[in-house]
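Here, each number is a calculation from the coordinates, and none is a lab measurement. Quantities reported herein were computed from a predicted structural model and do not represent experimental measurements. Virtual Cβ from ideal backbone geometry, glycine too; neighbours counted across all protein chains shown.
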2 protein chains.
Amino acid sequence: MDELDSAIVRLLQEDARQSNRDIARKVGIAASTCLERIRLLRKRGVIRGYHADIDLGALNRGVQAIVAAQIRPLSRDVVDSFERSVAQLPEVLSVFTIAGSDDFLVHVSAQDIDHLHAFLLDRFTSRREIVGFRTSIIYQHLTKQVLEPLPDPHH
Amino acid sequence: MDELDSAIVRLLQEDARQSNRDIARKVGIAASTCLERIRLLRKRGVIRGYHADIDLGALNRGVQAIVAAQIRPLSRDVVDSFERSVAQLPEVLSVFTIAGSDDFLVHVSAQDIDHLHAFLLDRFTSRREIVGFRTSIIYQHLTKQVLEPLPDPHH
DNA sequence: CATGAAATTATTTACCC
DNA sequence: GGGTAAATAATTTCATG
């Protein structure tokens, strides 16, 4: 990850569909060189994928919430199975497994408040491993699309 | 948003860099038709952008946390200015503005625990509008890259 | 008016310096 | 890292139902 790689990664975070030729021109290298660098970044796992960012409203997902859940027992089996089964529910956007008084934060979206309520009643209230959960409606979610590398901690 | 649009949106969420020709072939329409549909989806704001997903470790961001913050007063000025200034800190990945006992959840990443601690001391402890915050280390974060449309609530 | 086929223009990619 | 040429893709035009 030298300066050229960082510049390429930044440009692909901004717009993953711009042409390799454009990226090459912006960072000041030949298209063939740029293509090879992108291929290596992908192979090394630095670039994990390219994804379209879709408006949640257009997917009938106008209401978002964060559900803070506590589960017991905190055994590997119960934790792993909770993560996997919750992540595959259609309403779930992401699952944070965290330290602290809550065990998980689950980011969910639904058509409206009624569907959110029904979802929580059907999928959370009934789960035996969940000993408690609190739901917070999300008014706004700002996401940074372009992340800069942080300074190397060894320098 | 008919079935064809949904199929195109799903494919672009899976891999935003696949060619228009491949997408057209997979959904069973002509390339020109597909290109026009994608253009309209973009114009209508259904597709908000295309972004490379980068490994946080490669960006020297190996440690993630969620900071739940309470601020006062909860006036528009203070809320707006908190959102904007926090979102532009390099360590911040996203900011949730929420209802409930906490006012914000801030998703952050840093090089390591020491840098996370320094970041919180420098950027949170010192802010006058913050009346309290709790930090939870993230062990794991599962994100769904492909979101299906939810059933229309009117039907 | 949306679709699809063909022609033109542009980009990607493999190979060698 | 760069240059070139063949393969591939994007884009425009225009005919069709």
Q: Could I have the simple spin-label model distance between B:GLU36 and A:LEU40, label points 7 Å from Cα toward Cβ, reported in nm to one decimal?
A: 4.4
(Q) What whole-number distance in Å separates the alpha-carbon centres of the stretch B:94-155 and the stretch B:29-80? (A) 15
Q) Using all Cα-Cα distances in the stretch A:56-138, what percent lands in each 10 angstrom bin from 0 up to the longest? A) 18, 56, 23, 4
Q) From the label point of B:LEU89, set 7 Å from Cα along Cα→Cβ, how far away are the matching label points in the other copies, in nm, ordered shortest to longest? A) 3.1
Q: Note the per residue figure in Å³ for the convex hull of the C-alpha positions in the stretch B:1-136.
A: 143
**Q.** Overall dimensions of the stretch B:3-43 by Cα: Rg and Dmax, Å
**A.** 8.8, 23
Q: Take the rotation relating chain A to chain B, measure from its axis to every Cβ in chain A, and name the nearest residue with the distance in whole Å.
A: A:ALA16, 2
Q: Please give the calculated 222 nm ellipticity per residue for the protein assembly as shown, where each DSSP H segment of at least 4 residues contributes -39500 (n - 2.57) and the sum is spread over every residue; nearest 500 deg cm²/dmol?
A: -10000 deg cm²/dmol
Q. Sorted from shortest, what are the nm distances separating the label point of A:LEU40 from equivalent points in the other copies, each placed 7 Å from Cα along Cα to C-beta?
A. 4.4
Q. Once the convex hull of the C-alpha atoms of the protein assembly as shown is built, how many Å³ does it hold per residue, rounded to a whole number?
A. 163
Q | Inter-label distance for A:GLN88 and B:HIS117, nm, one decimal - labels placed 7 Å from Cα along Cα-to-Cβ | A | 4.1
Q) Between A:ARG72 and B:LYS26, what is the spin-label point distance in nm, taking each point 7 Å from the Cα along the Cα→C-beta axis? A) 4.5
Q | Lysine pair count for the protein assembly as shown [Cα-Cα under 29 Å; pairs on different chains or 8 or more apart] | A | 11
